[in-house]
1. Test Ala49 against the criterion of being on the phi < 0 side of the Ramachandran plot, away from the ligand (no atom under 16 Å from the Cβ) and in contact (Cβ under 8 Å) with a residue 60 or more places away in the chain, and give yes or no.
2. Pairs needed: first member in segment 282-308, under 17 Å from Gly238 (Cβ atoms) and of a type in the set (Gly, Ala, Ser); second member anywhere, more than 7 Å from the ligand (Cβ to nearest atom) and open to solvent by less than 10 Å² (accessible area, probe 1.4 Å); C-beta distance under 6 Å; at least 6 residues apart or different chains.
3. Is there a residue being more than 16 Å from the ligand (Cβ to nearest atom), under 23 Å from Cys297 (Cα atoms) and of a type in the set (Val, Ile, Thr) anywhere in segment 93-111?
4. Quick check on my filter: what residues within segment 475-488 are out of contact with any Ser or Thr (no Cβ under 7 Å at 6 or more places or on another chain), within 14 Å of the ligand (Cβ to nearest atom) and in a helix (DSSP H, G or I)?
5. May I ask you to list the residues in segment 15-36 that are over 15 Å from Leu523 (Cα atoms) and touching a Phe, Trp or Tyr at 6+ places or on another chain (Cβ under 7 Å)?
6. For segment 91-133, name all the residues that are closer than 23 Å to Ile527 by Cβ and open to solvent by less than 10 Å² (accessible area, probe 1.4 Å).
7. Looking only at residues in segment 297-307 that are open to solvent by less than 10 Å² (accessible area, probe 1.4 Å) and near the ligand (Cβ under 6 Å from one of its atoms), which one is farthest from Ser172 (Cα to Cα)?
Amino acid sequence: MDKIFRVNMTDLTTKVEAVPAGWAGLGGRGLTSTIVAAEVPPTCHPLSAQNVLCFAPGLLTGTAAANSGRLSAGAKSPLTGGIKESNAGGTAAQMLAKLGIKALIIEGAPKDGTWYNLAVGVNGVVISEEKELLGLGNFAVIDAVEARLGKKTGVLTIGIAGELKMTAANISVKDPDSKIRSHGRGGLGAVMGSKQIKFISIDGEGAPGVKIADPEKFKAAAKVFAKALLDHPVSGEGLPTYGTNVLVNILNEAGGLPTKNFTVGQFEGHDKISGETMHDTIAARGGKVKHGCHAGCIIQCSQVYNDKDGKYITSGFEYETIWGLGADCCIDNLDDIARADSLMDDIGIDSIETAVMFGVAMEAGILPWGDSKGLLRILSEEIGKGTPLGRIMGGGAGSVGKAYGVTRVPVVKNQGIPAYDPRSVKGIGITYATSTMGADHTSGYTIATNILNVGGYVDPLKKEGQVELSRNLQIATAAVDSTGMCIFVAFPALDIPECLPALIDMINARFGIALTGDDVTNLGKHILKLERQFNIEAGFSNVHDRLPDFFKTEPVAPHNAVWDFTDAEIDEFWNF
Ligand code: SF4
């Protein structure tokens, strides 16, 4: 029987609770957003004791379903001021699910300066004072926790950014190779820091495992689902070969690769940072071209990137990071971008927010365009040491824009706009504007249909069809984020007719229920409306569903496109 593990950091107590009836059919994002909406006063300060940090594995996590090992983390975001869900791979999700933990909820905050660690096991949570690992980076924390508690221990940790409550701080998750995956967006590491928890260890010993109501039906559906993932050209071929970085050349060609802080849509150094170059470099240096961020991932978009001497630099080297530090900062040195990625993992700071921030910082004159060595120095000497400049930069793109009077600040709801220019790929602009999460490409990835011809085609340069496309994808994504599935299952789900029914069949076989496709769509709608209501009560309205003005007034080459949606057209999004 699944349980809720609850920790109160004010009085340092823990409880194991039954799952409330209304939460039983929920997992992942559906559950974390329900918990935040139910337990967090929308107007509270996100770093106060009133905020709640919760973790929930998805409905299929811990089963043999391919790509189902994602963990959702939720809270009120200190970056956006709205509700936040951020999901990550790694080993924690499957361990929590197998322990029968439907959600881990952390409330309150210590009244003094004492720091703690949490040890999660089959019988509950133990809170212990933590001194030794304070001030350490995430890689050292993972090594130290493994030395203390054994190699198999799951770890959720914050680096110096989380300890200092920087609003771009992330929560890091140990992956199967003892490296790092991240709950990246929205500053959830600062919320963990506000609760003065340096790390959470997970002991899987004695875990009862996940029970399947109808094993035969589950097995049959899992087989169909896995085949669809491997048969699709994007999830079966493009992602395993080039990683997400396959997109650099594609977006450059489409004129949608934001360059030099979103002033141009193409980068002349694109070849040097492309997925094709990355693939060849990894292969030549004895790294791993494909790699999974959790057990059971069969797409394997991750990789292990080594330096020229064959020494490990980073893994999980994503397109959005490479675009942001590359094209957006005019840096064409892939090795330096990889070193920066590793530093950001260690400091525990969101690599998208930080990359967008560096574009704004270069515009502000803090460092020259293309200065990769200066960028590495700032990461380690300023942000990594929490100097005053480092703290401003650790607050993300909006923070630097305000501190330095920059007007071209690509954020929505104060969250940095990622790697796709909304003027030349208009569907993603609707997602940035309307997402309950702030600018977030993953919440409704219209690039699939605007650029990759997945799920049909909607012309990226025209307004027609974009609102509907973003709405449909955001609804579907909210539901998929509740299953524990990696977002990349969306590619086959949009194109291969058997894929989505197989996913629903797995959920039905797991729980012995009879969900229909309409039920799943209604779940997605319910989650979006719940999140929006939280944001409205936190002080947001339609006027926050807007892109920065410069997108309307500055045409972007090569198409000379501008953001030309009226407010009324954007607001149509919520008509469902
Ligand atoms: S496809 Fe990539 S992001 Fe998705 S589960 Fe696999 S490694 Fe992780």
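The values are calculated or read from the model by the stated rules, or taken from the named source; none is laboratory data. It should be emphasised that the depicted structure is a prediction, and the values quoted were computed from it without experimental measurement. Here the Cβ positions follow ideal geometry from the backbone for every residue, glycine too, while neighbour counts run over all protein chains shown. Please note that ligands, DNA and RNA were not included when accessible areas were found on the heavy atoms of the full protein model with its side chains. Shrake-Rupley method; radii C 1.70, N 1.55, O 1.52, S 1.80 Å.
1. yes
2. That search, which allows pairs on different chains as well, returns Ser302/Ser315.
3. Within segment 93-111 (the criterion being more than 16 Å from the ligand (Cβ to nearest atom), under 23 Å from Cys297 (Cα atoms) and of a type in the set (Val, Ile, Thr)), the answer is yes, since at least one residue qualifies.
4. Passing the criteria: only Val480.
5. Scanning segment 15-36 gives Val16, Val36.
6. Ala92, Ala93, Leu96, Ile101, Ala103, Leu104, Ile105, Ile106
7. Filtering segment 297-307 for residues that are open to solvent by less than 10 Å² (accessible area, probe 1.4 Å) and near the ligand (Cβ under 6 Å from one of its atoms), the one farthest from Ser172 (Cα to Cα) comes out as Ile299.
Table: residues versus (1) among the charged types (D, E, K, R); (2) surrounded by fewer than 19 Cβ atoms within 10 Å (Cβ to Cβ); (3) on the phi > 0 side of the Ramachandran plot; (4) assigned to a helix (DSSP H, G or I).
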residue	(1), (2), (3), (4)
Ala514	no, yes, no, no
Val520	no, no, no, yes
Gly524	no, no, no, yes
Ile527	no, no, no, yes
Glu531	yes, no, no, yes
Phe534	no, no, no, yes
Phe540	no, no, no, no
Pro548	no, no, no, no
Phe551	no, no, no, yes
